[in-house]
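Accompanying notes for the structure given below.
The values are calculated or read from the model by the stated rules, or taken from the named source; none is laboratory data. Predicted, not measured: the structure shown is a model, and the values here were computed from it. Cβ placement follows ideal geometry from the backbone for every residue including glycine, while neighbour counts extend to all protein chains displayed.
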Amino acid sequence: MSKSPIFGFIGVPSSAGAHYPGQEQTPAALRSAGLQACLRDIGISIVDYGDLPVVRCRVDPPINRAESVADARTVTGRLADGIEKMVSAEQIPLVIGGDCTITIGVVAGFLRKQPDLALLYMDGGLDAVTPAAYRLGRLDSTGMAHLLAEPGSEPLLSEVGPRYPLMAGTNIVPFGYIPGEPPEVEKEFLSRHQMSGYPVSRVNGCAARAAMEARSYLERQAERLIVHFDVDVIDFVDFPAADVLQPKQGMSFVEAFAALRIFFASPNFAGLVLTEFNPDHDDRDGTLAKRLIEALAQALR
């Protein structure tokens with residue numbers, strides 16, 4: 001990270017691509033829990049860009065996928081514009097979502113000014129399935145597929161940026177995911193895109209070492225490194241705040257943030273996208289929100 005960095009803070013209150021509503025409340029919940037004050041208390045400088053317009057998940061059965069894709073495209077387009085402004089101002093985007101599709105907009109905005117980009121994808125799932133192949137059809141399980149322009153991805157999302165595909169697989173490292181695709185499909189996907197994945201079985205018990213490995217690899221790939229952090233990478237029993245419960249054990253809360261600290265310490269670190277925290281799963285006093293922002297601040301210190 002550069003000396004005395006300035007963060008550009010933006011909220012993305014959107015559940016447009018989610019399985020159900022809730023994540024559109026996240027920026028307001030984390031603001032209310034004291035996120036900005038917590039960061040400023042440890043000396044982090046912030047320029048607050050406010051929140052984008054609220055977009056709530058459509059759950060009515062008559063709603064077709066095209067309408068959901070259009071909603072997600074509106075969000076990613078607006079966010080890309082905001083990220084472009086931050087990068088132009090030499091600020092480090094701190095993006096609070098929102099479902100996983102917002103990372104598409106973050107990448108698209110970066111690429112307008114900084115094409116030499118790597119992505120650490122810290123997520124409970126690989127997100128490699130396309131909407132047509134996913135039985136539930138929800139977009140927040142398809143982020144990686146759209147970044148890589150997998151056959152069957154939605155053009156409105158995969159073509160949102162200045163190049164196609166948005167990312168090369170060699171510049172992405174999935175970290176902490178729970179294998180969820182049929183093994184042969186997942187193996188073929190990783191091989192075809194020349195990706196080295198770090199499933200949860202590879203990081204549990206040695207998260208810091210695995211994070212240093214992954215970070216070192218991405219630092220060799222590109223000048224700038226952004227981090228996608230989906231809270232569902234954490235074991236739901238340890239931190240029951242994710243939008244979708246992961247049925248298998250994920251990373252511990254402590255190890256997840258130990259890994260994040262290492263990624264944030266990279267001299268190439270250029271931005272963070274936090275996704276999938278659902279305030280509806282929190283206590284009335286915001287216990288989980290407060291725990292999240294305190295850990296995040298300490299990792300960024």
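If I filter the range 41-49 for residues that are modelled with pLDDT under 95, under 19 Å from the mean Cα position of the chain (by Cα) and either over 21 Å from ARG112 (Cβ atoms) or not in a loop (DSSP other than H, G, I, E, B) (or both), do I get at least one hit? Scanning the range 41-49 turns up no residue that is modelled with pLDDT under 95, under 19 Å from the mean Cα position of the chain (by Cα) and either over 21 Å from ARG112 (Cβ atoms) or not in a loop (DSSP other than H, G, I, E, B) (or both).
Residue by residue, here is whether (1) surrounded by 16 or more Cβ atoms within 10 Å (Cβ to Cβ); (2) within 18 Å of the chain's Cα centre (by Cα); (3) assigned to a helix (DSSP H, G or I); (4) modelled with pLDDT under 95 holds:
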| position | (1), (2), (3), (4) |
| --- | --- |
| ALA16 | yes, yes, no, yes |
| HIS19 | yes, yes, no, yes |
| GLU24 | yes, yes, yes, no |
| PRO61 | no, no, no, yes |
| VAL75 | yes, yes, yes, no |
| VAL95 | yes, yes, no, no |
| ILE104 | yes, yes, yes, no |
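Contact map, the range 107-120: first residue under 21 Å from PHE263 (Cα atoms), second residue among the charged types (D, E, K, R) and in a strand (DSSP E or B), Cβ cut-off under 6 Å, separation 6 or more or different chains; pairs are GLN114/ARG224; LEU117/ARG224.
The residue list THR103, THR170 contains one member that is among the hydroxyl-bearing types (Ser, Thr, Tyr) and touching a residue at least 60 places away in the same chain (Cβ under 8 Å), which is THR103. Among the conditions (1) at pLDDT 95 or above; (2) closer than 21 Å to THR142 by Cβ, the only one that ASP243 does not satisfy is (1).
Condition check: in a loop (DSSP other than H, G, I, E, B) and out of contact with any strand residue (DSSP E or B) (no Cβ under 6 Å at 6 or more places or on another chain). Does VAL244 satisfy that?
On the way: in a loop (DSSP other than H, G, I, E, B): yes; out of contact with any strand residue (DSSP E or B) (no Cβ under 6 Å at 6 or more places or on another chain): yes.
Taking the combined requirement at face value, the residue satisfies it.
For the range 167-201, the set of residues classified as out of contact with any strand residue (DSSP E or B) (no Cβ under 9 Å at 6 or more places or on another chain) and part of a loop (DSSP other than H, G, I, E, B) consists of ALA168, GLY180, GLU181, PRO182, GLN194, listed by residue number.
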